[in-house]
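*Asks:* Can you keep this structure in mind? I'll have questions shortly.
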Amino acid sequence: MQKEQRYISSYHHNDCLLFQFLLAEFLCAYKELPQLKSLYRELAEGCEQKKQRRLYKKLAISLEALSGTTQEYMRIFSWNQNGGFLKKIMTYSTQLSDITASKNADALKVQRYANKAWVHCLHCHDLLLLRNKQTEKDKKELLSALEEIQKSLKMLARVAVAMITEYQDDENVLFFILRHKEQFDKLFGKRFVSKLFSKLFPKGLSNGKRFLIRRYKKRGFDDLEPIIAQKITELETA
């Protein structure tokens, strides 16, 4: 039982692993941004009651993905939140800041923006519960909270992406980004990963390939060589 506990808690002491967890949840959270933008625009323009109910339902699903499921009778307490991308980002960024020195500031910024977005999500949940009892003031508050969520997610994205350069010597973080190239490119624009790796390896992407292969071979993962080579080739031809 003690061995299992050590295994479960070991990730708390590995900042590179924590950062990968953070990036994974961040990719999921940031995917909700286009949906929030679309719903915000439609609600701001105004619509009939039937369409508004449909939009509110979509909004509730998106908000739940970000903040986690809520219990009506005790929504205010964070420990009653079941999952949620933002809650996980807050957890990983807090743990990351606890075990790192030089990266403390950025990790705390991520935690702050995630927390800010999460609080606004909870406020939106409360306003959505009013549904047909909503006043014009409530609707304005809802739109304002949605706008704040979008702003916080964008700021979170800026800091999280900037943090990648701090892990340019970690093969696991770099390989994670390569494996999620399509997601990163879709969210941040075509050739985002290619440009990122060109910045990390200014002497050429081939240097990046050699670095990754050498690091993984040293650890006994020779079978990853063709996969890494293929991923780098995709960057070169993007």
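The values are calculated or read from the model by the stated rules, or taken from the named source; none is laboratory data. None of the values given here were measured: they were computed from a predicted structure. All Cβ positions, glycine included, derive from the backbone under ideal geometry; neighbour counts span all protein chains shown.
*Asks:* Kindly check whether there is at least one residue in the range 188-202 that is small (G, A, S) and modelled with pLDDT under 95.
*Replies:* So far as the range 188-202 goes, yes, one or more of its residues are small (G, A, S) and modelled with pLDDT under 95.
*Asks:* Take the residues in the range 166-181 that are in a helix (DSSP H, G or I) and modelled with pLDDT under 95; name whichever of them is surrounded by the fewest Cβ atoms within 10 Å (Cβ to Cβ).
*Replies:* Filtering the range 166-181 down to residues in a helix (DSSP H, G or I) leaves 166-167, 171-179, 181.
Keeping just the survivors that are modelled with pLDDT under 95 gives 166-167.
Details: E166: 16, Y167: 20.
Among them, the one singled out is E166.
*Asks:* Taking interchain pairs and intrachain pairs at least six residues apart, which have beta carbon atoms under 9 angstrom, with the first residue in the range 200-211 and farther than 21 Å from V161 by Cβ and the second in a helix (DSSP H, G or I) and hydroxyl-bearing (S, T, Y)?
*Replies:* Final answer for the pair search is G204/S198; K209/T233.
*Asks:* Considering only the range 94-112, how many residues are at pLDDT 90 or above and either crowded, with 24+ Cβ neighbours inside 10 Å or acidic (D, E) (or both)?
*Replies:* Number satisfying all stated conditions: 1.
*Asks:* Got a sec? Which of E42, E48, E64 is modelled with pLDDT of 85 or more, of a type in the set (D, E, K, R) and within 19 Å of the chain's Cα centre (by Cα)? Step through it out loud before you land on a result.
*Replies:* Numbers: E42 fails: within 19 Å of the chain's Cα centre (by Cα); E48 fails: within 19 Å of the chain's Cα centre (by Cα).
After ruling out the rest, the residue left standing is E64.
*Asks:* Given the conditions (1) in contact with a helix residue (DSSP H, G or I) (Cβ under 7 Å, 6 or more places away or on another chain); (2) assigned to a loop (DSSP other than H, G, I, E, B), and given that K190 satisfies all but one, which numbered condition is not satisfied?
*Replies:* Of the numbered conditions (1) in contact with a helix residue (DSSP H, G or I) (Cβ under 7 Å, 6 or more places away or on another chain); (2) assigned to a loop (DSSP other than H, G, I, E, B), the odd one out for K190 is (1).
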